[in-house]
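No value in this document is a laboratory result; all are computed from the given coordinates. Just so it is clear, the model here is predicted, and its values are computed rather than measured. Backbone-built Cβ (ideal geometry, glycine too); neighbour counts: all protein chains shown.
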Amino acid sequence: MTKRLAGLDDVLPGIRERETSDPEAYPARTIADLYAIGLPQAPFPAALGGSECSLRRSVDAIETLAGVSPAAALLISMPLGLAGFVVAGASAAPAAHRKACGEQAEQVAADYRAGRIYAACNSEKGAGGSVAATQTVARRAADGFRITGEKILASFGRHASHFFSTAKVSQDLPGAGTVEAFFIRTVAPGVEILTDWDGFGMRPTESQTVRYRDAPAESLLGFPNYLEIVQPIPYAYCLFAAISLGCARGLLHALGVPAPQSPALRLRLSEALMRYEAMRAYLLETADGWRPAAGPSYAARVLRAKTYVTQESTRLCAELFALSGGRHYRRTSPVARLLAASFAGTALRPPLPLALDALVESFALEDSASH
Ligand SMILES: Cc1cc2nc3c(=O)[nH]c(=O)nc-3n(C[C@H](O)[C@H](O)[C@H](O)COP(=O)(O)OP(=O)(O)OC[C@H]3O[C@@H](n4cnc5c(N)ncnc54)[C@H](O)[C@@H]3O)c2cc1C
């Protein structure tokens, strides 16, 4: 069993109520509630306002939340994932960078305690979801780094206080990887947040286009070559998979509570429950294996779990939707919204075609046996 994050059960009824009364607006009150119970800051140590929450418990929280509000789950997974990244950086930093990483963790945690939102602003048109294909560039200036490029699908949009964004750096940063991540204040000069979001599902997420024109970065995430050394991205993949899984959980509840009279429906719902429980067990066991710099075998396991869970969850949602009947066949019905929202999991990094290409390229049964 996974111990539920404290406070989550208390805020879920209010979130459910707002999801029903105002399903398409940015959920400001819900996000404030989730900050108040400490969800995004949970990975931090207690001294920084967190609870040293494991990835397993974070996945459980995101999944539970997604069953009620998929958009809130997607939104909050961004600062939650970043907290996991920062904590991982502080623990896996080479000795020369450990002190600075500890200070960065203190700064980010203090911002979270003040309710500030760090949002992911990484995707780019035509990059196919690949970090390596990032076109945004960072140039070294007298006072730090300046960022130029266009990002898409930056959830939270203008509601964020900071974006964390990938950019290619020139090699005048000693030890730099090809791509580094930077913190950029959303109100910094040279940051333009568009209002072009028109999602199929996940409409409250405000996933906008962002343009950087020589925008000053507040700091580098971690240290040079952080993404290669710490390998934090599997952490986010597990959270993303939990969103689609939560949509399946929400649909199961919508159709199965109270239990239907029809024996045929009961059979189909029993089958759906078995598939849901199997996916959930796979994802939670995968999340249990998380540690910084875990290596290629764990990264491959996470990729498989993320791909399987998001793909199967959307299939399950589609099958359950087909069983739900005509009264749910409205664009705005909660059941239809869960169906549309579930597909975001297959689009979130890595998008399904990219994940399948990577699985084919790295297929090896021997490696998988250890996980
Ligand atoms: C609701 C929602 C919220 C999101 N929130 C965020 C966020 O907060 N922050 C953020 O950074 N991103 C966010 N994203 C973006 C997401 O994480 C993906 O990275 C992004 O959608 C991938 O880009 P694309 O599908 O637009 O790729 P495109 O470049 O348009 O590619 C389209 C498809 O073709 C495939 N493809 C393209 N080129 C190749 C190739 N050479 N080889 C194989 N396959 C290829 C891709 O894999 C992709 O599936 C969000 C997406 C959604 C749907």
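For this structure, a couple of remarks:
- Within the listed set I76, I243, I152, the residue fluctuating most in the Gaussian network model of the chain (springs between alpha-carbon atoms under 10 angstrom) is I152.
- Scattering curve values for the chain, log₁₀ I(q)/I(0), Debye with Cα scatterers, q = 0.07, 0.08, 0.14 Å⁻¹: -0.29, -0.38, -1.20
- Share, in percent, of DSSP beta bridges within the chain that are antiparallel, nearest 5: 80
- Stretchable slack from S51 to K3, in nm (0.36 nm times residue separation minus alpha-carbon distance): 16.0 nm
- From its DSSP helices (H runs of at least four residues, each -39,500 (n - 2.57)), the chain gives a residue-normalised ellipticity at 222 nm of -16500 deg cm²/dmol.
- Within the chain, longest stretch free of exposed trypsin sites (Lys or Arg not before Pro) [DSSP loop, at most 12 other beta carbons within 10 Å]: 126-329
- Beta bridges per DSSP with both ends in the stretch 39-184, % antiparallel, nearest 5: 70
- Inter-probe distance in nm under a simple model that places probes 7 Å from Cα toward Cβ, at K99 and L359: 4.7
- Here the simple spin-label model places points 7 Å from the Cα toward Cβ, and for S262 and V187 these points are separated by 5.5 nm.
- Shape of the stretch 1-74, Cα gyration tensor, a/c cut at 1.5: prolate
- Backbone N atoms of the stretch 323-356 closer than 13 Å to the 7 Å Cα→Cβ label point of E271 belong to residues 323.
- The residues packed around L48, meaning those with a beta-carbon under 13 Å from its beta-carbon, carry a net charge of -3 if Lys and Arg are +1 and Asp and Glu are -1.
- Against the rule of thumb 2.2 N^0.38 Å, how large the Cα Rg of the stretch 1-159 comes out: 1.13
- In this simple spin-label approximation, A114 and D288 carry label points 7 Å from Cα along the Cα→Cβ vector, and these lie 4.0 nm apart.
- Cα convex hull of the stretch 269-371, projected area averaged across orientations, nm²: 7.7
- Nonlocal amide H pairs with E218, under 5 Å, H built at 1.01 Å: F183, I184, R185
- Global geometry of the stretch 170-280, whether rounded, prolate or oblate, following the gyration tensor of its Cα atoms and the 1.5 cut on a/c: oblate
- Assuming charge only on the beta carbon of Lys and Arg (+1) and of Asp and Glu (-1), the dipole of the chain about its Cα centre is about 500 debye to the nearest 20.
- Cβ-based charge dipole, the stretch 141-237, positive-most Cα from Q231, A141, S170: Q231
- Dmax and Rg, reported as Rg then Dmax, of the stretch 88-205 (C-alpha, Å): 15.4, 46
- Euclidean distance of C-alpha centroids, the stretch 287-364 and the stretch 42-61, integer Å: 24
- Pairwise FRET efficiency - D22 versus L323, Cβ, R0 = 35 Å, nearest 0.05: 0.80
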